[in-house]
Every structure is written in C-alpha cells, then in structure tokens.
Amino acid sequence: MALNKSMHPRNRYKDKPPDFAYLASKYPEFQQHVHTNLTGRVGLNFKDPEAVRALTCTLLKEDFGLSIEIPLERLIPTVPLRLNYIHWVEDLIGGRGEDPGGTRRGIDIGTGASCIYPLLGATMNGWFFLATEVDDICFNFAKKNVENNGLSDLIKVVKVPQKTLLMDALKEESALVYDFCMCNPPFFANQLEAKGVNSRNSRRPPPSSVNTGGVTEIMAEGGELEFVKRIIHDSLQLKGRLRWYSCMLGKKCSLAPLKEELRKHGVPRVTHTEFCQGRTMRWALAWSFYDDVAVPSPPCKKRKLEKARKPLTFSVLRPTVKLLEPQRAATPAPCPVELITAWLEKTLTELKVCTVAVPGEEEVELSLFLTAVENSWVHIRQRRRDHGRQLRELPRAREGPEEVPVAVEQEAESGTPPSGPAQPPSPGSVQHFLFKCLLSVREEGGSGDVGVQMHWVEGQNRDLMNQLCTYLKNTLHRLASAPPAPPLASP
C-alpha cells in the first residue's frame, strides 16, 4: 500500500503502514491474496478486486474491531483514504454541536455497501449517522453490516428514491440539526470517463488499483460536478439544518467551479482540503451558513513548496567509487567523497558547467556551486549514438589489430566530442544562465557509498536541473556496468 507523509496527521496509517506479513499470518482469508517477491517483500495485487476487498475487511477487523461484508460488484473503499475524510470532519466540527458534550449527528449521502463512514465515525467517536442509499444491494449490505457490528443504535440506514440527496432524506427529521454531512459522490459522467477515456492526463501513470463499483456509485448525470451542485442547491434551502456540508471530489478541476457556485450564492463560510494516499489524491469541499463555526484553513502551498525545495538525490555505491580510484594509490589515498567530487567536477567542466568549490555544511561534506549557461547535456545521447555509428563504419586494417585513435576512444567512453578540452566561462563573466544549484557530496553511514544532493537555487526551469541530475546518474551507471579493462601484459 503506497502511503505518504501528506496524509492527515491523525491518520493511524500515516507513519505506520499496514504490515502485510503480520496480517497474513493472523488472517488466513487475507493470507491467500498476498505474495512474496524475490527479495522477500510481501505485497498485494491491487488490480485484483478480491485482494483489495480482503485488505479492507482485514484492516477494519484488526484496527477497529469491525466485521463487514462487501460484494465484489460494489465499491470497495480503502481504509486510509476514508480515515482522512473522517479526521477532516473532526476538524470541521471542532467538538462543537447543537448539544455540547452530546452525540454529534451526521449524514452520509450514499453510504455504499460497506457503510464505512458511519461505521468508522460511530466506532471512533460515537457519532450518530443517518446513512442514505438508493441501491438495493448496497442498502441490504449496509444494513447487515451495521447490525452485525451492534451499531444500530448509532447508525440508521434508510432507503431513498433515485436522485434523492438531502431534502427528501430530512423530511422525517424536521426537528433535528445535524453537525455535518459527508458524501463520496459518483466521479464519472459516463462509461468512457469511468474507463479513463478522455478524462485522464496522458502523462499520468495508470491507476495503481482496480476500479470497482456499481453504476449508481461511480456514475451520475453530469458527473461529480453536477452531483455536488445539487447538494449545494439543497443546502441553500436547508441552510441551518446542518452546521457543515461537505463532499469529497475525485478531480481537482471540480473544485474551482464549485467554489464559484458557492460564492455566487453568497455562502459565507467555505473551505477545502486535500486527501493524500501515495499516488491517490482526493479533494474535499465544505461550506456552512453559521457565523460561529471555526473554519479550518485550506492547505497552503507549503506542500508544493516543500516538494519544489526538496533536493534531488542519488547514491554512488562503493564498487562504483572504487572504479574511480587511481591505479597508483596516492599518499594519503583520496577518500570516497573526494573521488566522487573530483569526477563530478571533471564531468561538469566537460559539459561547460561552471563549478566553484564552496565549504560544505559539515566537515565530511564537499560542495560545488554550479552555474549552467547552456543545455550541453540534452543531445549527448544522440551524439554518442552518431559517433558509435561512425566508429562501426571505420575501415578495418587488413592485418593486425584494429587501432582506434586515442581521442576517438576517449570520446566513446565519455560521450563528448574530441574537440579539445571544454572551457566553461568563469562565474564572474556569466550574465545569462539557465540555472544555479548547490551540489553536495557526502559519505553515507560509513559504508563507502556516497550520496549526492542537488539543491535548487534559481533559474529558468527546475526541469533542467532534473535533466542534468539524470545525465550524471546515467553516466555513473554506464561506468559501473562497463566490462572491466583487460589486465596489463607482464613484461
């Protein structure tokens, strides 16, 4: 299960992902779905609906004491992502309700067969839920799951007509004020969207998990945008009947038009957030007509800034470092950090990148300040291919071993043309540049491996630094994978 540190800070899986090996040893029904790879790591096939269902049911049993059943033809929720939403609702209501110190009341619009939000909210916080459902199969399973866990006193599952959201569901609850509503709306407008046609950026990787769910769970007329607009229109009539209205969104592009819809109708309190779980992103929107509610701040750009500021890193393993050691050992022998720094400085100079040695933050660290003035590495691969083709076309001598000029041989190894040593401009003469960055080199944990970090400073495009980093890594990889040189003949 792919998790990351951007999950809600109270999410129990944020810093402690599920231990598949332990769960498999304890739950035989889960064990049959796990596999062990060649490195001994236990994994799960998230493309298999039965495996995803087994994981959800096992986590709910292990961590919350809940036993549920979910049919394969209906939506199978992931527990960590649903927990993010529950914790955000906790932030929204802030311990406040119509009856301070009493039971908080919520509505789950389209609870699904799992009834997961009410089950988690009731188990964790003692919340009372009105859980609505339009699908017969989902309704029957949700009701059974509530009864089997002894939570019928906190969760009321009601069957409602198609296209019913809040208005009809609250007709019989006219005297109650609810603290919140939750909704996981159908994401897609049609079958093509559900299959990812014309709705997914071509540059994004394919989904890492299977898409399950019935028609009413994953598709609605107009998709999630129109579905949530209907909830907004219901809220304009209900207003103070709920302290907070909220919905989870599957598409970031839905957020702006929905916020504009709320602004257009003069809704006074609006906020949003992000739910992160590995490669899965969801967005949530909440609004209120109360003046006394505490409005959680929406996520700032801090996470994106942290990602942008995070240095690019790669490691040079000890066997590769040893390949750079001089044949005749110097006195004293250069340390791994010095060897890699010298190689980097030489390689960057060949690329006409200005390098200036600067003090490292620690004694065991060496640093170079880089100024790239031209993209000299982008076409290196093509030039290497072209030159390799030229070498293959050289006429062979009729007798004796083939002789290759030293300059040509060096070019084949380094990928640079034999045009003499490259001379980058001096840093003081550089007026226009692509980017500047700080390159730091330090030994990793006394193992002999060396870590390299590239910290962005300024420039036109951070992707250019990514390209240079990739070039350096690939060049080191070719060095490590090259066949060893033949031993020198004895005199």
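In table form, for the structure just shown:
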item: Phe369-Asn140 FRET efficiency (beta carbon distance; Förster radius 56 Å; 0.05 resolution); result: 0.25
item: Tail fraction, Cα-Cα pairs, the stretch 1-143, threshold 22 Å, whole percent; result: 44
item: Size of electric dipole in the stretch 135-182: Cβ of Lys, Arg +1 and of Asp, Glu -1, about Cα centre, debye, nearest 20; result: 120
item: Percent accessible area from carbon and sulfur atoms, the stretch 106-187, protein chains only, probe 1.4 Å; result: 51
item: Highest to lowest packing among 365-376, 259-270, scored as the average C-beta count within 10 Å; result: 365-376, 259-270
item: The stretch 110-170, accessible area per residue, ligands and nucleic acids excluded (1.4 Å, Å²); result: 37
item: Rough spin-label spacing in nm, given labels placed 7 Å along Cα→Cβ, for Arg10 and Met281; result: 2.5
item: Shape call, the stretch 102-159: gyration tensor on alpha carbons, a/c limit 1.5; result: prolate
item: Cross-link pairs Lys61/Lys251; Lys16/Lys473; Lys346/Lys436 - those with Cα-Cα distance over 20 Å; result: Lys61/Lys251; Lys16/Lys473
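The values are calculated or read from the model by the stated rules, or taken from the named source; none is laboratory data. No experiment lies behind these values; they were computed from the predicted model shown. Here Cβ is always computed from backbone atoms with ideal geometry, including for glycine, and neighbour counts include all displayed protein chains. Surface accessibility is based on the protein's heavy atoms, side chains included, excluding ligands, DNA and RNA. Shrake-Rupley method; radii C 1.70, N 1.55, O 1.52, S 1.80 Å.
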